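Only the coordinates and a few stated rules stand behind these numbers; no lab work does. Everything numeric in this text was worked out from a predicted model, so none of it was measured. Here the Cβ positions follow ideal geometry from the backbone for every residue, glycine too, while neighbour counts run over all protein chains shown.
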Amino acid sequence: MTDTLPAETDAGASDFDFYHGRWHTYHRKLRDVLDPECTEWLEFEGVNECSVILDGLGNTETSTFDYETPFTGYTLRLYEPGTRLWRIWWASTRLPGVMGPPVEGRFDGGRGVFLADEELNGRMTKVRFEWTVVSPDETRWEQSFSYDEGATWKTNWTTTSRREA
């Protein structure tokens, strides 16, 4: 038996429906995302697969990255109907056994912004994920850090995803 979501939760709970399925990914990442002075960009590809969980109140994503040293990642996204917020957690084989604090936010139209405060390399940092739905078959994700309480942001990783046929 499948539970049916109340009508007031439907709008926000479907925010990530665009991403369900299998995607080929194109990454552009600073070599050291934790170094605010780093300017060396690396480019590589990968594959993401996103599946629905909890009757539509969340999804999981597994990712493979064809990086210098290949790695895999896992994303958990959960929707809270009462606040209409999404929370996104990330873990990878690059830092086994660790899942940092979630970023949280919501979509407005085809753009979602998700924020968190996190200690990175001993320094308090604001983390921002931005999702943009370019088309039904293309999305863009961007990660940025701010070291000055959000006055300025430095993008350190972008991903363009194209749906696999």
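The table below gives the values:
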| read-out | value |
| --- | --- |
| Odd one out for Thr93 among (1) β-branched (Val, Ile, Thr); (2) closer than 22 Å to Phe44 by Cβ; (3) under 11 Å from the mean Cα position of the chain (by Cα) | (3) |
| Selection status of Asp117, free of Cβ contacts under 8 Å to residues at least 40 places away in the same chain, within 27 Å of Glu40 (Cα to Cα) and in a loop (DSSP other than H, G, I, E, B) | no |
| Among the residues listed as Asp55, Asp66, the single one being more than 22 Å from Asp117 (Cβ to Cβ), loosely packed, with under 13 Cβ neighbours inside 10 Å, more than 15 Å from the chain's Cα centre (by Cα) and free of Cβ contacts under 8 Å to residues at least 24 places away in the same chain | Asp66 |
| Qualifying residue in segment 141-148 (condition: in a strand (DSSP E or B), touching a residue at least 24 places away in the same chain (Cβ under 8 Å), touching a Pro at 6+ places or on another chain (Cβ under 8 Å) and surrounded by fewer than 17 Cβ atoms within 10 Å (Cβ to Cβ)) | no |
| So Phe18, is it of a type outside the set (Asp, Glu) and over 19 Å from Thr132 (Cβ atoms) | no |
| Residues located in segment 121-140, provided they are surrounded by fewer than 15 Cβ atoms within 10 Å (Cβ to Cβ) and either in contact (Cβ under 8 Å) with a residue 40 or more places away in the chain or outside any strand (DSSP E or B) (or both) | Asn121, Gly122, Pro136, Asp137 |
| Cβ pairs under 8 Å, 6+ apart, first in segment 32-51 and within 23 Å of Lys154 (Cβ to Cβ), second of a type in the set (Lys, Arg) and exposed (fewer than 13 other Cβ atoms within 10 Å of the Cβ) | Cys38/Arg31; Glu40/Arg31; Trp41/Arg31; Leu42/Arg31 |
